[in-house]
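Structure, as structure tokens:
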């Protein structure tokens with residue numbers, strides 16, 4: 001690994017639209033090195049799209065997205081874990097090995113890496129088992145092992161615990177913390193406020209495609225800047241009301257589905 | 001219907017005697033058809049996968065063409081291959097007419113569209129599920145191609161069997177390009193046609209029963225290879241092949 | 001990746017085996033001949049003897065006379081053995097073939113259902129028999145495939161001064177297939193048809209068919225053998241082909257043909273007798 005960091009990641013007025021519908025709107029922000037950011041917001045806020053834009057799976061419709069080391073190599077140094085990760089129809093061991101082989105890691109170098117990450121994620125005893133036979137929680141751990149093997153500088157996680165029960169969630173959170181302690185920048189979406197409090201250094205609050213707030217975690221929970229964020233942290237449901245004075249009427253047309 | 005009871009007796013006695021001529025015919029049938037199917041797979045599977053995930057001009061036309069070619073009449077294929085391989089044809093110098101190689105070529109042409117079309121379908125579905133994950137891992141389309149073929153292997157086996165079924169049961173094309181020459185190009189189907197033309201319907205039907213038994217054996221064998229019970233043979237740390245699985249429902253976006 | 005290399009290995013092995021099978025015998029010639037000779041079993045009787053004597057394998061492609069001649073004209077066979085004298089002479093005249101020789105003969109017969117609705121049993125005038133079949137509105141099955149037998153049949157219709165194709169599809173059925181398939185059709189429909197005696201004697205699905213007409217000089221069925229002209233096609237195995245033709249017309253070959261019988265009936269008569 002080259003020593004130079006690919007961070008910070010800067011977004012300048014980034015928008016994304018499908019069929020003329022703007023789903024991410026004029027987001028400008030910056031991700032500095034060395035912290036963990038949790039992106040929160042109600043369903044449909046555009047959290048997953050936002051993550052995919054940062055990861056590079058989607059291209060912004062307008063605006064700029066800049067990594068510091070913009071030499072085209074950034075894709076090699078950042079990775080993503082999906083809400084329902086795809087397990088390749090092969091063994092647990094080979095699933096991790098596949099990710100490494102795509103990155104061009106030689107066969108001899110792969111073995112110690114795979115053994116290490118499977119051990120760190122508690123999957124060593126399953127190494128010969130087809131990955132699709134694992135439980136959802138185990139599959140999510142394997143997805144984490146798979147990206148951990150790549151030692152990314154930045155790791156995006158899209159609601160990695162959304163469909164898991166509390167024990168499995170706990171294991172996954174422990175692994176995320178471990179990956180972070182190993183020096184990886186975590187950027188993760190969640191709708192679980194408890195999880196946000198456990199993991200976040202920094203919170204980003206998205207609503208209807210707009211970035212409403214990016215602050216340190218304590219500050220977000222102590223005194224959120226926007227009314228919507230305050231309502232969200234109190235656990236209120238953010239229904240869309242046409243007459244709700246919090247929303248300027250102009251937006252409703254753009255995002256009406 | 002005495003013919004039917006006679007046919008079963010004939011088939012049974014063929015099996016019991018297992019005479020050298022019959023063994024030779026069965027062996028040639030299997031060699032020719034398996035070679036044709038596997039070479040068709042080597043061409044058709046990457047082609048089908050490329051049609052599924054690629055985006056290039058003429059892709060749609062190619063898909064329509066391949067789908068249509070699935071219904072190609074064997075006799076037409078036989079005739080075209082005959083004209084190509086005839087000494088007076090463009091490939092005549094190779095001297096391949098009336099050889100097993102000519103039969104392999106004809107069957108390959110018949111089988112390849114089936115394998116390519118079915119592969120395209122399998123890979124297209126798989127690609128919809130895999131695309132984001134593979135791109136996220138940094139795989140290009142060309143790197144994804146063998147991955148998709150590997151992960152679709154249990155369904156692709158069905159495509160191979162469909163191709164094998166067409167190849168082994170085919171008579172029109174191999175009759176024309178092989179010539180049904182005793183001890184050289186005589187296979188199960190052309191023997192059956194010959195026995196029918198000799199009026200020996202019981203023997204023909206008996207050979208037909210043998211053909212069905214062979215098809216059952218090949219299908220059963222492939223099922224064994226693809227079934228979970230045999231996974232351990234293929235499964236290893238590094239390789240990790242295994243067959244029939246229940247996959248979790250496609251991930252919601 | 002290993003998966004693909006295994007497949008590659010199997011494919012190349014398969015090709016190797018296929019090629020090996022193709023070149024199993026050291027020397028072989030390809031003989032384009034008719035279904036009538038193949039279906040009768042004659043080749044199974046005489047070719048092993050020739051092979052034992054000469055070491056040359058004869059590979060028979062059995063099709064209709066018309067197609068056999070086309071295969072030979074394209075140079076896809078070394079020797080031609082068919083049974084339609086005019087076509088054979090035309091073939092030699094056009095220099096597609098050389099050294100035509102008579103080999104053997106038998107005769108055609110008209111077969112039909114034992115019930116004999118046309119009442120032709122025992123007749124010896126084939127043309128007259130055909131016209132009786134037509135006037136009795138009985139069904140006649142024709143090869144309709146440009147074979148030697150088909151050409152012979154058409155000649156008989158001309159002799160009877162009848163245009164059979166006016167009843168095409170009804171009382172005149174053209175199968176467009178080989179002798180065996182045509183006989184199967186005739187026996188299933190209890191219809192009349194023209195067949196060479198060799199195929200008839202060895203045919204196993206006669207059901208209620210029997211010989212109705214025989215002995216007409218016009219039913220004579222001579223077989224000729226021709227070497228495909230090596231001057232036109234350099235790959236023709238002229239030497240081996242000539243040895244086969246010489247053997248067929250030699251005493252040994254002629255004896256072999258004469259000794260092919262079903263029961264005590266000979267199927268072909270050597271020309272030199």
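The values are calculated or read from the model by the stated rules, or taken from the named source; none is laboratory data. This one's a predicted model, so the numbers in the text were calculated from it and none came from an experiment. Reconstructed Cβ throughout: ideal geometry from the backbone, glycine too, with neighbour counts over all protein chains shown.
Among the residues of region B:183-203 satisfying the criterion of being within 8 Å of another protein chain (Cβ to nearest Cβ) and in a helix (DSSP H, G or I), which is surrounded by the fewest Cβ atoms within 10 Å (Cβ to Cβ)?
Among those that are within 8 Å of another protein chain (Cβ to nearest Cβ) and in a helix (DSSP H, G or I), it is B:201.
Just give me the residues in region B:37-75 being at negative phi and in a loop (DSSP other than H, G, I, E, B), in sequence order.
Here is the first cut: in region B:37-75, the ones at negative phi are B:37-57, B:59-75.
Matches in region B:37-75: B:54, B:55, B:56, B:57, B:70, B:71, B:72, B:73.
Can you name the number of the only condition in (1) crowded, with 20+ Cβ neighbours inside 10 Å; (2) in contact with a helix residue (DSSP H, G or I) (Cβ under 8 Å, 6 or more places away or on another chain); (3) part of a loop (DSSP other than H, G, I, E, B) that residue C:236 fails?
With (1) crowded, with 20+ Cβ neighbours inside 10 Å; (2) in contact with a helix residue (DSSP H, G or I) (Cβ under 8 Å, 6 or more places away or on another chain); (3) part of a loop (DSSP other than H, G, I, E, B) applied to residue C:236, the lone miss is (2).
Matching residues to (1) assigned to a loop (DSSP other than H, G, I, E, B); (2) out of contact with any strand residue (DSSP E or B) (no Cβ under 8 Å at 6 or more places or on another chain); (3) free of Cβ contacts under 8 Å to residues at least 12 places away in the same chain; (4) surrounded by 22 or more Cβ atoms within 10 Å (Cβ to Cβ):
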residue	(1), (2), (3), (4)
A:125	no, yes, yes, no
A:161	yes, yes, no, yes
A:174	no, yes, yes, no
A:178	no, yes, no, no
A:186	no, no, no, no
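Out of all the residues in region C:37-67, which are within 22 Å of residue C:233 (Cβ to Cβ) and either within 11 Å of chain B (Cβ to nearest Cβ) or assigned to a loop (DSSP other than H, G, I, E, B) (or both)?
Within region C:37-67, C:56, C:57, C:58, C:59, C:60, C:61, C:62, C:63, C:64, C:67 qualify.
Please specify each residue of region B:155-182 satisfying the condition of being within 10 Å of chain C (Cβ to nearest Cβ) and in a loop (DSSP other than H, G, I, E, B).
Those that are within 10 Å of chain C (Cβ to nearest Cβ) and in a loop (DSSP other than H, G, I, E, B): B:179, B:180, B:181, B:182.
Tally up the residues in region A:59-84 that are surrounded by 17 or more Cβ atoms within 10 Å (Cβ to Cβ), modelled with pLDDT of 85 or more and within 13 Å of chain B (Cβ to nearest Cβ), please.
Qualifying residue count, region A:59-84: 7.
Pairs needed: first member in region C:165-186, more than 14 Å from every other protein chain (Cβ to nearest Cβ); second member anywhere, outside any loop (DSSP other than H, G, I, E, B) and surrounded by fewer than 22 Cβ atoms within 10 Å (Cβ to Cβ); C-beta distance under 6 Å; at least 6 residues apart or different chains.
C:172/C:164
Restricting to region C:72-89, and then to whatever is facing another protein chain (nearest Cβ under 9 Å) and buried (at least 24 other Cβ atoms within 10 Å of the Cβ), can you tell me which residue is nearest to residue C:237 (Cα to Cα)?
Going residue by residue through region C:72-89, those that are facing another protein chain (nearest Cβ under 9 Å) are C:73-77.
Remaining after also requiring buried (at least 24 other Cβ atoms within 10 Å of the Cβ): C:76-77.
On the way: C:76: 11, C:77: 9 Å.
Looking at the filtered set, the residue picked out is C:77.
Suppose we keep only residues that are without any contact (Cβ under 8 Å) to a residue 12 or more places away in the chain and assigned to a helix (DSSP H, G or I) within region B:81-124. Which one would you say is nearest to residue A:89 (Cα to Cα)?
Among those that are without any contact (Cβ under 8 Å) to a residue 12 or more places away in the chain and assigned to a helix (DSSP H, G or I), it is B:101.
Could you list, in sequence order, all residues of region C:137-158 that are closer than 21 Å to residue C:197 by Cα, outside any strand (DSSP E or B) and at pLDDT 90 or above?
C:139, C:143, C:149, C:150, C:151, C:152, C:153, C:154, C:155, C:156, C:157
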